[in-house]
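Some notes on the structure that comes next.
What follows is calculated from the coordinates using simple rules that are stated; it is not laboratory data. Here the structure is a predicted model, which means the values were calculated and not measured. Note that each Cβ is placed from the backbone with ideal geometry, even for glycine, and that neighbours are counted across all protein chains shown.
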Amino acid sequence: MRLSRLDLLAYGPFTAFTVDLAAPSPGTPDLTLLVGPNEAGKSTTRAAIEDFLFGFPHRTTRDFLHPSTALRLGGVLERADEPPLAFVRRKGTKNIFLDPDGQPLPEAQGRLEAWLGGSDRDAFIRLFSLDSERLREGGQAMISGNGDLGQALFAAGAGLADLGQRLRALNDEAEKLWSPRKAAHRAWFQAEERLDAAKAALRAHTLNATDWQARRDAAEKAAQAVATLEADAREAGTTARRLARVRRVLRDVRALEHLNERQRALAGTCRLPADASARVEETLREAALLQARLDTLTAEDTRLARALAALAPDTGVLAQADALDALAERRIAVRAQAARVPALREALKAARAACARAAGDLGWPEREEEALRQRLPAPADAVVPRARLATRGEALAAVQAAAQALDEARAREAALAAQRAALGPDIDPTALVAALALARDTEATTGPALLKERAEADAAATEQARRQAGLTPADMDLDTLEKLAVPPREAVEALREAHRAHEERQRDLARRHARETKALALLADELERLARDETVVSPAALAETRARRTRLWARVRARWLDEPDVPPEGEENAAEPSPPALADALESATTAADALADRRFAHAEAAARFAECQRRHQAQHDAVALLAAEADALSAEAGTLEAQARALWHALPDLAPDPDRALAWLDGRAALLAVAARERDARQRLLPLEAQRAQAGDEIRRALAALPATAPATDLPGLAPPGLDAAAPLPAWIEHARARLARLERLHDQAQRLRAEQAQAAAETARRQAALNAARAAWTTWEHDWHAALGALGLDPATPVEGVASRLDTLESLRQSLDEARRLGHELARLEAEHAALNDAIAALGTALATPDGAPLPLDPDATLDGLRTRLAEARAQAHEHARLIRERQRQQEEHAQASAERHTVLGGLRPLLDAAGVEDPQALAPVIALSDAARAVDDERAAVLARLKADGDGIPLPDLIAECAGVDPDEAAAGEAAQARRMEDIEHALRAARDHDREARQAFQALGGDGLAARAAADKAAALADMNALTAEVIRLRTASVLLNWGIERFRRDRQGPLLHRAGALFATLTGGSFAGLGTTYDDDQPGLEALRADGRPVPLDGLSAGTGDQLYLALRVAAIEHAVPHAPALPFIADDLFMTFDDTRAGAGFRVLAELARRTQVLFFTHHPHLARLAVESLPEPVRVVSLPGSPR
């Protein structure tokens, strides 16, 4: 089964995300790399595969974005010879399988369960999923597991990295509970000690009923006396406490009566708050302060009003403030411009002098500016001569350049004609081209095949010699070897398997024999220890002692009771002892028999253990005997196998003892014969190829010989250079012909190029002739235009070019000087007009703002403007002060209103007190407050008295306390309390004596034990037995689990050791890059172990491997186990998550090759966040690899 598509529709951070895992092309590994950065969803995608196949867990962490009920996973599963299974799985309990349209799809569950073959999520993760952490744990377990072969194979096959730890945990847990050696820290022996203690206690506390009943009656009578005295003591204590209570509360009861009378007298008093007096005083004080503040603010407002009335700002000047500011700024600008007037006048004078000089240079008599302007020619008339002057050099240079270019073109045309003549006539290489094409085709079609056949033939010859040298005997020729009668391989393999099975059974028998022999020795030691340490009386010893007693008694009866003349049986020849000696012997035998019987009864438990140990010893002895018989049978079977081997290898008897060597010889013979056949076939296939290549070489040589030798020797090499003859290989003649043809083609190309260049040179000559004609025509046109332009300026056409240029410059200088003079005159007039306008504006504003007293304005405009600005500054200052005073008065008025409101609010705080007291004037509150305080004092004092009565009244209700104190005299109460104290002392003395008597009676009763302690001892005994039973069951469970697990490991090793070890060794060699050649087995105390084999055959124990190599060993075993399991169970996708964290690039590439081999049997999905691993996989594998890029984090 494979997963061809996974849809994360609503899962974790993903929404509608699809992972395409389409099947690869046939014949390529089903390996897909899923690559993405951290937080790209790698772990989420792995979890999605598990949830898609096996369902959502009840509690999931993937519902942080989508609600739990909205989680959806979709996908398509494929299986050979069955239609695809496409469904959507949702989280829920009903209708969890849906079709793409969201409709229930109940049939999907049955098909999916059938395809999964009963696998659940845990089995899938354990068997078909492996990440770097579990790989490291497995590798570490391999290194630290003492090289146990069975555990290594079982752990890899079951996906359990901690198998050794689990076995040790079972044994350790059982050892903590029980072991054959007694120890105080083991729970079973602790329970046994509790059982012994309970038995002893039960015996100690068992007595007769009469003594127990008498002691019990005495104890009960003493207890009853104590109870009576304790009741008297309680009654006396109650009376004493009542008298003491009356004495404590009597004063407070009298005070309460007085306070109740005062409270009734103040019943109609108004109750004001306790702080009413302070509140009234504080309120009146605050109101007085606020009133003083109001008076101050009223006086300040009057002062501000007077100050405002005294101010009178000049409103006229303020109204013209903007105009005055503008005139001030304008005066600054005009003054700045006036500073330029002298310079402008000097510049105007210089410009006019320049005009006079230019007129003199031109020979003009006029000096006035206007007359000079009228005589100046128009600017357009000077443009044409200047333009013609600018193009004169270009036109003249064009004529000269065109003439020179024409001469160069004619020279190049002549040189090209000479080069073409030097090349000679063209040569037709058609025949050489055809021969070379034929040779190249022949080389292309036969060359690789020739090399391949030659290489195969040479390699086959080399391999044939090597294999023939390695066979036994080495001097046997191929014909003899091929005709030699050898047994079928199947028969040899069957014999080898029989040998291996026999050897395995022998090893297993040896291990079992050693184990059973060791167990037999242990049982013998145990029997000896029981007989020595625990004085066990065996049934045989007891029977022998009793038999001796019986014989002696028989002699006594025979001598003195029954028939004195007949000796007892078995003692006919014994010397008859004297009667006293016979009596003493009978008494001694009787005593010994009784003593042995007593000892056996006293040590019944030890005797039972001894009998059980004897039984186990005999059973173990029988088991060892059976193993010896099995060993004899195996020896006979070995002889049979040896005879079969000799019969098979009668032609080569040396191979009979070693089936592996015989199979290797058969493989070597078959390989040698196959190599010899390959060499013959390759040599035969070479003949037509070589003939075809020889024919192609002849065609090339004939075509080369037919070429004319008319070309220069430097361009065409000789027909056959030194070292090249008819026997030379075809590639050499092809290269020579190619060089000749390339040279001919270069000559042909050179001639073609020269012809093209000649045509281009002729065209260039014609073009340059036309260019020369055009340049000469342009020069003629220029001369005509030049003469016309001089005529327009009034100049003689014969005037030299240099003189014309000078006059044009002088005219241009005169025009510029005249323009400058005009500009400067206009600028001076503008400045004078601005100065006059400024003075007029100042005078007009001064008149408009004349003072009320009619004082005349100053004659100086600057003085007038300064005076107006001074008035403006004063008016602005007064206006600013006026505004400030207005703002200050407004602020004072606001403070006055706020203070008035605060005073009203403060006085309003007394309204609740005034209303409660029924008055309006705060001054009238004082007497009311005094009465309220008096009533409150009475209430407080009464509450304090009631609190004391409650505390001293022993919880008695107040009416009962008052009743107890009614009519009581304080002196009489004190005397009664003293008398009651003396009575209590007497009772306490009697009670102490009664309690001592009661304690003595109870101790006497408890010393007997009684049925209570006996029952407790019986309960302890039952509890200890129950604990021992539970511990025994737990020990049996743990020991059974350990035995079953070891049995399963051993059976797994026996069934799969050969194929798994062979395949894992090959994978391990690949993963380590040949540093190790494979895996081997070793035996330590008949226990098979695993070891790594170097390339030179040296074994390396597993604890000698590095951490990375241990990881690679575990990976090899896991992959081999999966490959072995796939044909026998449903093949599920194998999930590999960043397995190569401890691999270098070389071993990581080897790891990808191993996964590719696994991917030929089942789908492999490799997750990683290292992009270089994807590149390494592409580079390491010959087949294309699918790489799926997971997106960046969608969070």
*Using a cut-off of 16 Å between alpha-carbon atoms, which aspartates and glutamates can reach residue 91, once sequence neighbours fewer than 8 places away in the same chain are excluded?*
7, 50, 51, 63, 99
_Give me, ordered by chain and number, the residues 5 or more places off residue 34 or on other chains with an amide H under 5 Å from its own placed amide H._
1166, 1167, 1168, 1188
*Once you have the Cα-Cα distance between residue 829 and residue 900, take 0.36 nm times their residue separation minus that, and quote the gain in nm to one decimal.*
18.2 nm
*For region 693-701, what does the Karplus curve 6.51 cos²θ - 1.76 cosθ + 1.60, with θ = phi - 60°, yield as ³J(HN,Hα) per residue in whole Hz, taken in order and with x for Gly and Pro?*
6, 5, 4, 5, x, 4, 4, 5, 5
_Which of 921, 622 has the fewest Cβ neighbours within 10 Å, and the rest in rising order_ = 921, 622
_Check: the chain dipole with +1 on Lys, Arg Cβ and -1 on Asp, Glu Cβ, in debye_ = 1680
*Using helices alone, what [θ] at 222 nm do you get for the chain, with -39,500 (n - 2.57) per DSSP H run of 4 or more residues, divided over all residues and rounded to the nearest 500?*
-25500 deg cm²/dmol
*Cα-centred dipole magnitude for region 612-701, charges only on beta-carbon of K, R (+1) and D, E (-1), debye, nearest 20*: 500
*Once phi is turned into θ = phi - 60°, what whole-Hz ³J(HN,Hα) does the Karplus curve with 6.51, -1.76 and 1.60 give for every residue of region 641-654, x standing for Gly and Pro?*
4, 5, 5, 4, 5, 5, 5, 5, 10, 5, 6, 10, x, 5
_Radius 12 Å from Cβ of residue 1132, net charge of other residues (Lys, Arg +1; Asp, Glu -1)_ = +3
*Note down the net charge around residue 248, summing +1 for each Lys or Arg and -1 for each Asp or Glu among other residues with Cβ under 14 Å from its Cβ.*
+3
*Ranked highest first by the average count of other Cβ atoms within 10 Å around their residues, in what order do 684-695, 214-225, 625-636 fall?*
214-225, 684-695, 625-636
*Would you give the gap between the C-alpha center of region 632-688 and the C-alpha center of region 320-365, rounded to a whole Å?*
130
*residue 5 long-range amide H proximity, modeled H, under 5 Å*: 21, 76
*Enter the Cα centre distance for the pair region 1109-1177 and region 911-950, rounded to the nearest angstrom.*
96
*What translational D, rounded to a whole number of µm²/s, comes out for region 1-107 from Stokes-Einstein when the hydrodynamic radius is the Kirkwood one over Cα pairs, at 4 °C and 1.567 mPa s?*
88
_Can you give the FRET efficiency to the nearest 0.05 for residue 340 and residue 296, using r as the Cβ-Cβ distance and R₀ = 60 Å?_
0.40
*DSSP beta bridges in the chain [antiparallel fraction, %, rounded to 5]*: 70
*Length added when fully stretched, residue 184-residue 809, from 0.36 nm per residue minus Cα-Cα*: 211.6 nm
_Label-point separation in nm, residue 437 to residue 763, each point 7 Å along Cα→Cβ_ = 3.2
*Check residue 129: other-chain or 5+ apart residues with amide H under 5 Å from its amide H, H built from backbone geometry?*
1135
*If you wrap a convex hull around the Cα atoms of the chain, how much volume per residue is inside, in Å³?*
570
*For region 767-772, 3J(HN,Hα) per residue [Karplus equation, 6.51 cos²θ - 1.76 cosθ + 1.60, θ = phi - 60°, Hz, x = Gly/Pro]*: 5, 5, 4, 5, 5, 4
*Quick one: if you stick a label point 7 Å off each Cα along the C-beta vector at residue 501 and residue 528, how many nm between them?*
4.2
*Express in nm, to one decimal, how much length is gained between residue 743 and residue 315 on full extension, taking 0.36 nm for each residue of separation and deducting their alpha carbon distance.*
142.8 nm
